[in-house]
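To keep things clear, I will list the structure first and then write my remarks on it.
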Amino acid sequence: MRHEGHFDPVAMLKRVPKFFWAGAAVIVCFGMVPPAVIFYMRTAPKRQPRIHLIQNMDNQPKFKAQQTNELFRDNRAMRPPVAGTVSRDAMTGDTHLWLGTVDGAFASTYPASITVDRALMDRGRERYDIYCLPCHGVTGDGQGPVHKRAMQLMENGTNGTAWVQPRSIHEDAVVEQSPGRIFHTISNGLNNMAGYASQIPVEDRWAIVAWVEALQVSRNAPPEEVPGNEHFPEVRRQLDEEAAAPSPAEGGHDHASHDPAAGGGH
Ligand code: HEC
């Protein structure tokens, strides 16, 4: 049987032996020693660096500016730049060739070291077809295979909802641009187009500029500047006739089978 009685905490505490309180006081006092020591060690100024148990790669052996290093004969840890080093800020050389600028403005001519001739055009065409055609298309109208594929993927919902069409290089705003500006676009890119300075050597970039300009001229040249223009009326008539006549594809199989050579374009 248990006594009915109320719970009295004071009476309970009085029953705890005295030596318990004395022990607890001692433990609390000693317990304050380590934090006090740590506090002292971490804050008081000393000659030695403070104790740093967990390194976490905080310290690395290295030479800082103005320190000495006996490895070198002049005992300096700082070394002069390798002979021939050019800092970007100090670049005073051929900005025309490297940046496409003359006196801080886009160049309206080709650099002196680039000769615009048939060989440069051929090179430019080849490089254009490798690096630019995928987006800008073979004629530069912005209808390259990558563009067409991207539109397809967007239409059937496979991939994404946004695509920036490569610009047509035949837009007035691009045709008006100087060679230096086109060179700059190829080198550094523009908005959604990446720069090609790291992939295409500088001479090849100028060759591509020449080909871009050639493509632009091909669309806008006045007839009197085109060699063989005296044949234009004749060619025009031929084209009109071909357009009026049923094409081999529509015109039935007879024609194509009699004369296989007529199948392709001429
Ligand atoms: C991956 C696709 C892609 C490739 C490859 C690419 N371009 Fe472009 N290009 C673009 C896009 C997109 C724009 C439109 C950028 C914009 O205005 O957001 C553009 C714009 C341009 C313009 C117009 C710049 C202007 O001032 O509006 C020129 C010129 C041009 N590209 C030339 C080139 C040449 C030359 C190459 C090859 C070295 C090339 N591009 C390769 C996507 C491409």
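Brief remarks follow.
- The residues in the stretch 49-100 that are over 30 Å from the mean Cα position of the chain (by Cα) and either under 30 Å from Ile38 (Cα atoms) or among the polar types (S, T, N, Q) (or both) can be counted, and the count is 19.
- Contact map, the stretch 212-229: first residue at pLDDT below 90, second residue assigned to a helix (DSSP H, G or I) and of a type in the set (A, V, I, L, M), Cβ cut-off under 7 Å, separation 6 or more or different chains; pairs are Asn220/Val175.
- Filtered residues of the stretch 214-235 (kept if more than 10 Å from the ligand (Cβ to nearest atom) and either within 17 Å of Arg167 (Cβ to Cβ) or of a type in the set (Gly, Ala, Ser) (or both)): Ala214, Ser218, Arg219, Asn220, Ala221, Gly228
- The one condition in (1) in contact (Cβ under 8 Å) with a residue 12 or more places away in the chain; (2) touching a helix residue (DSSP H, G or I) at 6+ places or on another chain (Cβ under 6 Å) that Met193 fails to fulfil: (2)
- Ile208 vs. criteria closer than 22 Å to Ala119 by Cβ, among the β-branched types (Val, Ile, Thr) and in a helix (DSSP H, G or I): yes
- Enumeration of residues in the stretch 219-244 that are among the acidic types (Asp, Glu) and within 45 Å of the chain's Cα centre (by Cα): Glu224, Glu225
- Selection count, the stretch 152-207, where residues are over 18 Å from Trp98 (Cβ atoms) and within 12 Å of the ligand (Cβ to nearest atom): 21
- Considering the conditions (1) closer than 28 Å to Arg219 by Cα; (2) within 12 Å of the ligand (Cβ to nearest atom); (3) of a type outside the set (Lys, Arg); (4) not in a helix (DSSP H, G or I), Thr139 is excluded by exactly one of them, (2).
- Only one entry of Arg125, Arg149 meets the criterion of being assigned to a helix (DSSP H, G or I), of a type in the set (Lys, Arg) and out of contact with any helix residue (DSSP H, G or I) (no Cβ under 8 Å at 6 or more places or on another chain), and that entry is Arg149.
- Residues that are without any contact (Cβ under 8 Å) to a residue 12 or more places away in the chain and either within 10 Å of the ligand (Cβ to nearest atom) or farther than 16 Å from Ser218 by Cα (or both), drawn from the stretch 117-132: Asp117, Ala119, Glu126, Asp129, Ile130
- Just one of (1) surrounded by 10 or more Cβ atoms within 10 Å (Cβ to Cβ); (2) within 30 Å of Arg79 (Cα to Cα) fails for Lys64. It is (1).
- Yes/no for Thr109 being modelled with pLDDT of 90 or more, closer than 21 Å to Gly189 by Cα and away from the ligand (no atom under 15 Å from the Cβ): yes
The values are calculated or read from the model by the stated rules, or taken from the named source; none is laboratory data. Just so we're clear, the structure is a prediction, and the values are computed from it rather than from any experiment. Using ideal geometry, Cβ is built from the backbone for each residue, glycine included, and neighbour counts are taken over all protein chains shown.
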